[in-house]
C-alpha cells in the first residue's frame with residue numbers, strides 16, 4: 001500500500017509492507033515503513049522488530065498459543081465483565097477522494113477525542129484528525145472498540161493492506177483512575193479486543209495480524225511491560241525496517257535536510273544527558 005502526502009514542500013510516497021511496490025505518482029521521496037528488506041540507495045535506515053500472528057491457522061490453535069493467564073482474562077472479559085467488541089470504523093463507510101460524510105467524520109473525531117484523552121493521561125503527543133486523511137482515502141483505516149455498558153473502554157486503530165492488519169494505535173481509558181478494579185477491567189477489555197480483532201480480520205481473509213512493533217531493549221520498564229503484554233498472545237518475532245529513498249533532485253535535498261535535523265536532535269539529547277546526569 002502506498003500513501004501520498006506533501007511534507008515541507010516535498011512530495012512523499014509512503015510505502016507500507018511491500019518494498020517492491022512502485023509509486024503511481026511523481027514524488028520526491030519514497031518513505032518505506034515496516035518492510036522486510038533494505039534498498040541499496042536507502043538513507044536513515046532504522047531496524048525495528050514486531051510480532052506477527054499467522055491468521056491462516058485454525059481458531060482453536062490461535063487461542064491455544066495465547067498464554068493461559070491471558071486466555072482466562074479474555075474469557076472473563078467476555079463473560080462476567082460483559083465487555084462488547086465491535087467495529088467502529090471501516091473502509092466501506094469511507095468515500096475515498098470524495099471525502100467522508102458527516103457521520104463518518106463524527107466517528108473519526110470521536111476516536112481522536114478518545115485517543116487524545118488517553119494521550120494526555122500518559123503525557124504523550126495528541127493526534128490531529130488530518131493525520132488519518134491518507135489512510136481514509138486509501139480505504140485502509142479500521143477502528144475497533146471494546147465497550148462496557150455502551151461506553152468505550154479500549155479502542156484500536158489498524159492500517160490494513162497487503163494481507164496485513166497492523167496495529168497503528170491503541171488507547172484505553174480508566175488508566176487515570178486510582179481504583180485497581182477499573183485498571184484491571186481495562187486490561188481485560190484490551191486483551192479481549194485484541195483477540196476479537198484477530199478473529200474479525202481472520203474472517204475477512206487477512207493473513208497476518210501485526211502487533212504494531214515490539215520493544216527490543218531492556219531498560220524502559222513501561223515498554224517492557226507492553227512487550228510482555230503482546231508476547232502473551234503467541235506472536236512470532238519479525239525484523240522490519242524503516243528508511244527513506246530519494247527519487248528526485250529535490251528528494252536528495254530533503255534527505256540532506258533530514259540528516260541535519262537528526263544530527264541536531266542527537267546533539268541536543270547528548271547535551272541534556274551531560275548537563276543533567
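The values are calculated or read from the model by the stated rules, or taken from the named source; none is laboratory data. The structure displayed is predicted, hence computed values, not measured ones. A quick note on method: Cβ atoms are made from the backbone with ideal geometry, for glycine too, and the neighbour counts reach across all protein chains shown.
Residue check: is residue 255 modelled with pLDDT under 95 and in a helix (DSSP H, G or I)? The answer is yes for residue 255.
Going through the stretch 192-211 one residue at a time, which ones are crowded, with 19+ Cβ neighbours inside 10 Å and either modelled with pLDDT under 95 or in a helix (DSSP H, G or I) (or both)?
Within the stretch 192-211, 192, 193, 194, 195, 196, 197, 198, 200, 201, 202 meet the criteria.
Does the stretch 95-105 contain at least one residue that is touching a residue at least 40 places away in the same chain (Cβ under 8 Å) and either crowded, with 17+ Cβ neighbours inside 10 Å or within 19 Å of the chain's Cα centre (by Cα) (or both)? For the stretch 95-105, residues touching a residue at least 40 places away in the same chain (Cβ under 8 Å) and either crowded, with 17+ Cβ neighbours inside 10 Å or within 19 Å of the chain's Cα centre (by Cα) (or both): absent. Put simply, of 166, 183 the only residue that is outside the structural domain of residue 36 (by TED's automatic domain parsing) and more than 19 Å from the chain's Cα centre (by Cα) is 183.
Just one residue in the set 24, 119, 39 is free of Cβ contacts under 8 Å to residues at least 60 places away in the same chain and in a loop (DSSP other than H, G, I, E, B); that residue is 24. Selection of strands (runs of 3 or more DSSP E) fully inside the stretch 130-180 by the criterion of at least 1 residues being within 20 Å of residue 222 (Cα to Cα) and in contact with a helix residue (DSSP H, G or I) (Cβ under 6 Å, 6 or more places away or on another chain) returns 151-161, 164-172.
Would the stretch 53-62 turn up any residue that is modelled with pLDDT of 95 or more and part of a strand (DSSP E or B)? Write out each step before concluding.
Restricting attention to the stretch 53-62, the residues satisfying the condition of being modelled with pLDDT of 95 or more are 53-62.
Now restrict to residues that are part of a strand (DSSP E or B): 53-54.
Scanning the stretch 53-62, I find at least one residue that is modelled with pLDDT of 95 or more and part of a strand (DSSP E or B), so the answer is yes.
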